[in-house]
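Visitor: Quick one: this structure, given as C-alpha cells, is what I'll be asking you about.
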Amino acid sequence: MKKLLALLLALTLVLTFAACGAGQGGATAPEINSPGDLSTAGIRIGVQLGTTGHVFANENFSDAEVMAYDTNSDVILALLGGDVDAVIMDSEPARNFVAQNEGRIRQLDELLTQEGYGISLALGSPYTDLFDEAINTLRENGVLYGLIDYWVNEDPNASRYESPAGTTHPNGTLFMGTNADFPPFEFWEYGQIVGLDPDIARAIGDLLGYAIEIIDMDFGAIILSVQTGQVDFGMAGMTITEERREMVDFTQAYFLSGQSIIVRVS
C-alpha cells in the first residue's frame, strides 16, 4: 500500500512539474513565421507599455493576448522565459536584442509598419521651429547621416558625436526626457546614457547654444513630462502619431523605422 501511495505521489509531482514547465517556456513554442501567424487565438504577444507596438498589437491582433511590460528588456526576458510567444517592437532595438541573444531569438524580415521618429515638445513651444532648423542643418552638413551610420548601421568608418572646438552654451541647459532601454537610440553604457538620440540632441544643443541634460524615465511618462514642463523635450525613438500630436508638438522626422516581430528560435 505504501509503495502504491509513493508511486501515485511521484506521478503527481511529475505531472505538476510538467505543467509548470509548460507555463515557463517548457512547452513547444507555436510556429510564427509571418505577421498573419499572430492572429492565431491564444498567441501571447509581448510589448512595451504605451508604445506604438502596444497600440498596433491591440488594434490588429484581437484574437491574441497582448501582454504589456514596463521596458523592452522585460519584454525580451518574457520571450526568453516562454511567458510570451512573440514580441512586437521597433526594428532597430529588435535587431540589437537579437544580436545579444544570438541563437535563442530571431527577428522576422517583414515589418508591420513604417514610422518616423520625431522630437516631442510642449504644444506651442518656441523650440519646435528651432529644432527643425537644427535638424535640417545636421542633414545638410552630413552629421545626422554620420551618426545614423555609427549607431544604427555600425559603420566602422563613422564616429560618435563630438562638440566642435570652441563650442559654448550661452543659453543655458535644456532637459531631455528619454527611456534609456532602447538601443541603439538610447541606453546606459559605463554610467552614461548614450546612443543616437543623445548624440543628435547634443548636436542640436551645440547649434542652438544649449547644454543638454538627459533624464531617464519610463517611456509612458515622457509626454506628460513634456506637457508639464518637467523636461524641455522628449527624445526616445518616439513615433510621430496623430494621437500624440494632440498632446505635444513634434519636429520633422529625423529617422524612419517600423515595428518588427521577434520570436524564439524553435
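Visitor: Quick check on my filter: what residues within segment 202-224 are within 21 Å of the chain's Cα centre (by Cα), in a helix (DSSP H, G or I) and free of Cβ contacts under 8 Å to residues at least 40 places away in the same chain?
Guide: L224
Visitor: Go over the candidates G209, G166 one by one and state the one that is out of contact with any helix residue (DSSP H, G or I) (no Cβ under 7 Å at 6 or more places or on another chain) and open to solvent by less than 40 Å² (accessible area, probe 1.4 Å).
Guide: None of the others qualify; the one that does is G209.
Visitor: Just the residues that are more than 17 Å from A180 (Cβ to Cβ) and of a type in the set (V, I, T), please, taken from segment 203-247.
Guide: I204, T228, T239, I240, T241
Visitor: State whether the residues of segment 149-162 include one that is under 23 Å from the mean Cα position of the chain (by Cα), in contact (Cβ under 8 Å) with a residue 60 or more places away in the chain and open to solvent by less than 80 Å² (accessible area, probe 1.4 Å).
Guide: The answer is yes, given that some residue of segment 149-162 is under 23 Å from the mean Cα position of the chain (by Cα), in contact (Cβ under 8 Å) with a residue 60 or more places away in the chain and open to solvent by less than 80 Å² (accessible area, probe 1.4 Å).
Visitor: Right, here's the next one. Determine if segment 223-236 includes at least one residue that is of a type in the set (G, A, S), in contact with a Ser or Thr (Cβ under 7 Å, 6 or more places away or on another chain) and at pLDDT 95 or above.
Guide: Looking through segment 223-236, at least one residue is of a type in the set (G, A, S), in contact with a Ser or Thr (Cβ under 7 Å, 6 or more places away or on another chain) and at pLDDT 95 or above.
Visitor: Against the definition (at pLDDT 95 or above, within 15 Å of the chain's Cα centre (by Cα) and outside any helix (DSSP H, G or I)), how does A68 come out, yes or no?
Guide: Here the answer is yes, as A68 does meet what is asked.
The values are calculated or read from the model by the stated rules, or taken from the named source; none is laboratory data. Predicted model only: the values in this text are computed from it and were never measured. Positions of Cβ are backbone-derived with ideal geometry, glycine not excepted, and every protein chain shown enters the neighbour counts. To get the accessible areas, we keep the full protein, side chains included, count just its heavy atoms, and leave off ligands, DNA and RNA. Shrake-Rupley method; radii C 1.70, N 1.55, O 1.52, S 1.80 Å.
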